[in-house]
Amino acid sequence: MSSGQQIRLKGQGWPSATGKAGDALITINVAPHPVFKPDGADLRLELPITLYEAVLGGKVRVPTLDGAVELAIPADTNSGRTFRLKGKGLKAKSGAGDLLATVRVVLPERVDDEFKELMKKWREKKPYDPREGLE
């Protein structure tokens, strides 16, 4: 079911002027989930990871409808990369959809001077332009 679909309950509505009961119409409105976004039978989710998990790789816990599972993040993973967890989406007549987890690198809330110095040294010794070729 999806938002906007209607269910007709034949003969279960209010009686008309002739006394015969009409049909009841129920309109479905699916409330948004705080974590998952439906995409057909698939589910999408933004998965926050740390900078060091993106650079070094590691295992992270991913929520699913059936409970959390571990996902191996390979080293050198860029923000925006999407991982497919087969069969972890919505149940459908044709089987279960997939969970599509898109990683988003999240920096710590408070960045200290040591981290800033590390980034300055990195910028000086290993400069790169991720926007090269956009113009």
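A compact table of results
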quantity: Qualifying residue in the range 63-76 (condition: in a helix (DSSP H, G or I) and not charged (D, E, K, R)); calculated: no
quantity: Residue match in the range 54-63 (condition: touching a Pro at 6+ places or on another chain (Cβ under 7 Å) and not β-branched (Val, Ile, Thr)); calculated: yes
quantity: Residue within the range 25-45 that is open to solvent by less than 60 Å² (accessible area, probe 1.4 Å) and of a type in the set (Asp, Glu) present; calculated: yes
quantity: Residue tally, condition in contact with a Lys or Arg (Cβ under 8 Å, 6 or more places away or on another chain) and surrounded by 11 or more Cβ atoms within 10 Å (Cβ to Cβ), over the range 47-94; calculated: 9
quantity: Count of residues meeting criterion [in a strand (DSSP E or B) and either in contact with a Lys or Arg (Cβ under 9 Å, 6 or more places away or on another chain) or modelled with pLDDT under 90 (or both)] in the range 14-39; calculated: 7
quantity: Members of the range 101-126 that are more than 22 Å from THR77 (Cα to Cα) and either assigned to a loop (DSSP other than H, G, I, E, B) or open to solvent by less than 100 Å² (accessible area, probe 1.4 Å) (or both); calculated: ARG110, ASP112, GLU117
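The values are calculated or read from the model by the stated rules, or taken from the named source; none is laboratory data. Being a predicted model, the structure only gives us computed values, none of them experimental. Neighbour counts run over all protein chains shown; Cβ positions are idealised from the backbone, glycine included. Quick note on the areas: whole protein, heavy atoms, side chains included, nothing else; ligands and nucleic acids left out. Shrake-Rupley method; radii C 1.70, N 1.55, O 1.52, S 1.80 Å.
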